[in-house]
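What follows is a single structure, written as structure tokens, with notes after it.
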Amino acid sequence: MGAMPASGRLRYLEATPPPSVRARGVLVLLHAFPLNAHMWDGQLALAGGGWRVIAPQLRGVDGAAADPLATSMDDYAADVIDLLDALHIQTAVIGGLSLGGYVAFAILRLAARYIQGLILADTRPQSDTPASVEGRKRLLQLVQEKGPAAVADEILPKLLGETTRSTRPDVAARMRSLVLANSADAIGGAIRALMTRPDSTGLLSSIHVPTLIVVGDEDAVTPPDVAEDLHRSIHGSELTVIAGAGHLSNVEQPEMFNAALARFLAHRV
């Protein structure tokens, strides 16, 4: 459980249901920027509910060789689709947090047939605003000049909620270690993909699979009102607000996050 096998370019974490539990399907979890698949370590326990949990390492992260590096959301999405094909997975519940949500939207645009259900956590459908693009450019310059540690210093205070920052230094330290495991090139590729991603709001009315939207009530990056708009735009979707969590709701409040996912998977998928 939690090994890092590889298939083609992509490596991934995987947890499988125990033999005594009936298999229910596949849950794919797509990680946030500038982290890696180990942000989902706390969600591998969802395998106990019958789900084969797969958390891909997006191209180039965590020391993985990648030639060429990703420069678009479609690059990341194509890798995930290739992984599903390599593992002979025809449909899965696709879950993504922040950047992972953008990749989920790209999979929806490129190959919706793979998607049995959606989990959109702490993410938004809109493309970057001009002001956000300028911020990405500054972050790109920062990582090129000073490396991943400077990115961690700049971005982690924004990703973690006030509750976590004031009471959970262990979480902050762990997330910092995930940032530092990535190369400057991999972080730079992800920044380019973020700042050039297309607007996905036009896709929302076409989503007809069970969809769960999750947001931390202290998320300052994609705040609850963004999640509420997303919920209103996807017919039949569910919204769960995680108390005491910022942008990384799954690592800040894993028990509440897992309970929301387990409830959704059991009753909606």
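The values are calculated or read from the model by the stated rules, or taken from the named source; none is laboratory data. All of these numbers come straight from a predicted model, not from anything done at the bench. Please note that ligands, DNA and RNA were not included when accessible areas were found on the heavy atoms of the full protein model with its side chains. Shrake-Rupley method; radii C 1.70, N 1.55, O 1.52, S 1.80 Å.
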>> Counting heavy atoms of the protein chains only and a 1.4 Å probe, report the per residue accessible area for the chain as a whole number of Å².
In response: 40
> Roughly speaking, to the nearest percent, how much of region 1-150's 1.4 Å accessible area is carbon and sulfur?
Replying inline: 51
>> Under the rule a/c < 1.5 gives rounded, and otherwise a/b versus b/c splits prolate from oblate, where does region 76-196 land using the Cα gyration tensor?
In response: prolate
> Fully extended, how many nm does the chain gain between GLU255 and ASP229 (0.36 nm per residue separation, minus their Cα-Cα distance)?
Replying inline: 6.8 nm
> How do MET195, MET39 stack up against each other in accessible area, from largest to smallest, with a 1.4 angstrom probe?
Replying inline: MET195, MET39
> In whole percent, what relative contact order does region 56-194 give with Cα contacts below 8 Å and a gap of six or more residues?
Replying inline: 33
> How far, in nm, would the chain grow between ALA111 and SER177 when pulled straight, counting 0.36 nm per residue and subtracting the alpha carbon separation?
Replying inline: 20.4 nm
>> Compute the distance from the alpha-carbon center of region 193-244 to that of region 27-50, in whole Å.
In response: 18
> Among bridges DSSP assigns within the chain, what percent are antiparallel (round to 5)?
Replying inline: 25
>> Which one, GLY246, GLY101, GLY25, has the greatest fluctuation when you compute a Gaussian network model over the chain with C-alpha springs under 10 angstrom?
In response: GLY25
> Which whole-number percent gives the relative contact order of the chain, counting Cα pairs below 8 Å spaced six or more residues apart?
Replying inline: 20
